[in-house]
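Before we start, here is the structure in question, set down as C-alpha cells.
Where a number appears in this text, it was derived from the coordinates with a stated rule and is not lab data. The model shown is predicted, which means the values in this text are computed figures rather than measured ones. In this analysis, Cβ positions are derived from the backbone assuming ideal geometry, glycine residues included, and neighbour counts consider all displayed protein chains.
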Amino acid sequence: MPCYILYRLDTKNSMGYEWLFIAWSPDFAPVRQKMLYAATRATMKSEFGGGQIKDELFGTVQSDVSLRGYHKHVQAALAPAPLTMAEEELQFIKQNEVNAHINVETKSQTMQGVAFPLTAEAAEAVIAFRDGTYNYVQLSLDLTKEVVNVAETDNIRVANLISHVPKDNARYHLFKFSHTHEGDSIDSILFIYSMPGYKCSIKERMLYSSCKSPLCEQLTSNGIEIEKK
C-alpha cells in the first residue's frame, strides 16, 4: 500500500538535520488509496516541517526508491532544462556556422539560405509541371545526399490537396490552381511549404527552411512563375 518514508540525511541546516521525503505509491495499490495519499502529501510535509526537507522522491516501483533511483533523480534534477524549439534551432545554426562545409559541386550557399540541386528526375517533373502534364508536384530534400528529389506527381483537385500533405515529414508542393476571376480563366501557380512541427528533426526543419528561397529561384529559372507562396 502507499506510504510516506522520511530518510534522515547527514547534512544539516539551521533547523537541524535535513531529510529526504519519499512518497511511495505502487502501481498495484488501489486507486482510492493513491488518491488519499496524494491529497494528504502537502499536509504531511507541512506538519513534519517543510524547512527540514531537502529533497523529495516519488516512486511507483521499488527501483524508483532505491539508492540508484535516488542518484538518477539527483542527476535529472541537475541536468539542464529541455531546449525550446527556438533554442534548438539556434543551437543547430551555431553548430553549422562552425562545421559548415559547402561543396560547390553539390550545393551552393546564398544570402537567403542553402541551395540543393534538383535531381534529374526532379528537374523532369518540374518541366512536366510547367508544360501542363501535371498540375501537382511534390518535392522532398534528401538530407544525406543534399539534393532535391521528386516525391510525387499527379493531377488533383484543390479539395484533395490536403490529403497529399505528409503528416510526418516536411515537403515542398507545386500546385497549379485553375479558377475564374471576373469571368476570366486563370491558372495560378502556388508554392507550398508544409512542416508538421515537432514530428520532424531540428536538422530537417532548419534545412527545409533554409532551402526554400533558393529552390524558388531554381524553379523561376526553369520557367515556373510562382504567384503565391
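Dipole of the stretch 115-162 (Lys/Arg Cβ +1, Asp/Glu Cβ -1, origin at the Cα centre): which of Y136, N160, A115 lies farthest to the positive side?
Working it through, the farthest residue towards the positive pole turns out to be N160.
Compute the Rg/Rh shape ratio of the stretch 127-229: radius of gyration over Kirkwood radius, all on alpha-carbon atoms.
My calculation of the ratio gives 0.98.
Something else now. In terms of modelled amide H atoms, which long-range or inter-chain residues lie less than 5 Å from the amide H of F58?
Close amide H contacts, sequence-distant or interchain: A23.
Can you compute the FRET efficiency between N222 and M195 using 1/(1 + (r/R0)^6), with r the Cβ-Cβ distance and R0 = 35 Å? Round to the nearest 0.05.
0.90
On to the next question. Cut-off is 10 Å between beta-carbons; in what order do R32, R41 appear when sorted fewest neighbours first?
R32, R41
Which pairs in the list K34/K167; K54/K203; K145/K228; K145/K176; K45/K199; K72/K167 are over 31 Å apart, alpha-carbon to alpha-carbon?
Over 31 Å apart, Cα to Cα: K34/K167; K54/K203; K45/K199; K72/K167.
Moving on. Around E152, which amide H atoms from residues at least 5 apart in sequence, or from another chain, sit under 5 Å from its own amide H, with H modelled in the peptide plane?
Placed amide hydrogens put Q138 under 5 Å from E152.
Sort H71, H173 by Cβ crowding within 10 Å, fewest neighbours at the top.
H71, H173
If amide H atoms are built 1.01 Å from N in the plane of the peptide, which residues on other chains or at least 5 residues away come under 5 Å of the amide H of L9?
E18, W19, L20
To continue, here is another question. Place a +1 charge on the Cβ of each Lys and Arg in the stretch 1-59 and a -1 charge on the Cβ of each Asp and Glu, then give the dipole magnitude about the Cα centre in debye, rounded to the nearest 20.
140 debye
Specify the inter-centroid distance of the stretch 170-229 and the stretch 34-58, based on alpha-carbon positions, in whole Å.
56 Å
Taking the beta-carbon count within 10 Å as an exposure proxy, list Y7, Y172 from fewest neighbours to most.
Going from least to most buried by this count: Y7, Y172.
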